[in-house]
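Below: one structure, written as structure tokens.
The values are calculated or read from the model by the stated rules, or taken from the named source; none is laboratory data. Keep in mind that what you see is a predicted model, and the values were worked out from it rather than measured. Here the Cβ positions follow ideal geometry from the backbone for every residue, glycine too, while neighbour counts run over all protein chains shown. Just so you know, the surface numbers come from the protein's heavy atoms only, side chains and all, with ligands and any DNA or RNA stripped out. Shrake-Rupley method; radii C 1.70, N 1.55, O 1.52, S 1.80 Å.
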Amino acid sequence: MKYIFSVLLILLSFFCGISAAAFSEPDSLMAARGDSLVTEKRVQLIVPREADTIQAIPWHQMITRIPEDYSLFFKTTFSSKALPVVAGLAALTGLLMTVDEPLGSWSHSLVHKSEGYNSFSRLMVEFGDGRYHFLFAGALSIYGISAGDSRALSTASNIAEGIIASGIVVQVLKRITGRQSPEASGNDAGEWRLLPNPQKYQRNQPKYYAFPSGHITTASLTVTVLANNYPEIKWIRPVGYALVGGLGIGLMSKGMHWISDLPLGILLGYTFGNIVAPEKRSSPGEATKGGLSVLPLFSPDSYSLMFAYRF
């Protein structure tokens, strides 16, 4: 199981990150979740393990927290602090639209010239598919149950929650913008058919689904959640920053997206990743405004109690 977990973690850390280097975590997310920069003194008391069960978060939390996620998303997106980011995103998207066609044609031509490049692009697109992220979350939850790892269970729940929440936003935006994908384009940069007919959309999605990229959104979210929940694993972010570029190239090369479809998708994934799993979010049972709290910990051969005092 540990080897499966390691391989999946490497493969799926692929996807996020380019925008994470450009945008810092919004302060409002930590404040809204009740997080603060505090000092902790912790003492562990090891007690014998008496059962093989663990204290898990409610399975339905990945759904019941979504309304709160949207509340935080809109507060963050439409805050005054977000205006420079939104303006920069709009400017970047507009700038990239000027090179959509030449970059798309160049990358698409390489697919036909090189079987290796074609295989690389296909692999990138496959691992950007949301089904693999749900599969990874399921594998991580199985690992968490079998190993008594509550952090793994929480991470799995965060990934599922984030995919659902961000996926709905992406689908709404796709059905509003109605942008042609490169493979269905009738002109150099793809037509925009605002508010396309839902039936036409369903019958021929490549004509309408390009903006923004759902693959990039899901991928960015997954690695953001992993990096925030496992900050001690330093390679998650840099590997993600490098490989998300490969995913973007693959999406362009296979004719699924223009390069200008990517920045909004990356930022959506990064934002929702920080909403569902803020890096400094308090763990269940921890004190948030000072005082003593008790937090259960688990290991393969013992239960632990963590006494935490915040001041």
Residues satisfying the stated conditions in segment 134-165, i.e. open to solvent by 10 Å² or more (accessible area, probe 1.4 Å) and among the charged types (D, E, K, R): 149, 151
Would you be able to say whether some residue in segment 35-49 is open to solvent by less than 90 Å² (accessible area, probe 1.4 Å), modelled with pLDDT under 50 and within 21 Å of the chain's Cα centre (by Cα)? yes
Go over the candidates 103, 96 one by one and state the one that is in a helix (DSSP H, G or I), under 16 Å from residue 262 (Cα atoms) and open to solvent by 40 Å² or more (accessible area, probe 1.4 Å). 103
If you go through segment 210-227 one residue at a time, how many are open to solvent by 10 Å² or more (accessible area, probe 1.4 Å) and modelled with pLDDT under 95? 1
Per the list (1) of a type in the set (Lys, Arg); (2) within 23 Å of residue 220 (Cβ to Cβ); (3) open to solvent by 30 Å² or more (accessible area, probe 1.4 Å), residue check on residue 174 breaks on (3)
From (1) basic (Lys, Arg); (2) open to solvent by 50 Å² or more (accessible area, probe 1.4 Å); (3) under 22 Å from residue 267 (Cα atoms); (4) touching a residue at least 60 places away in the same chain (Cβ under 8 Å), pick out the condition that doesn't hold for residue 179. (2)
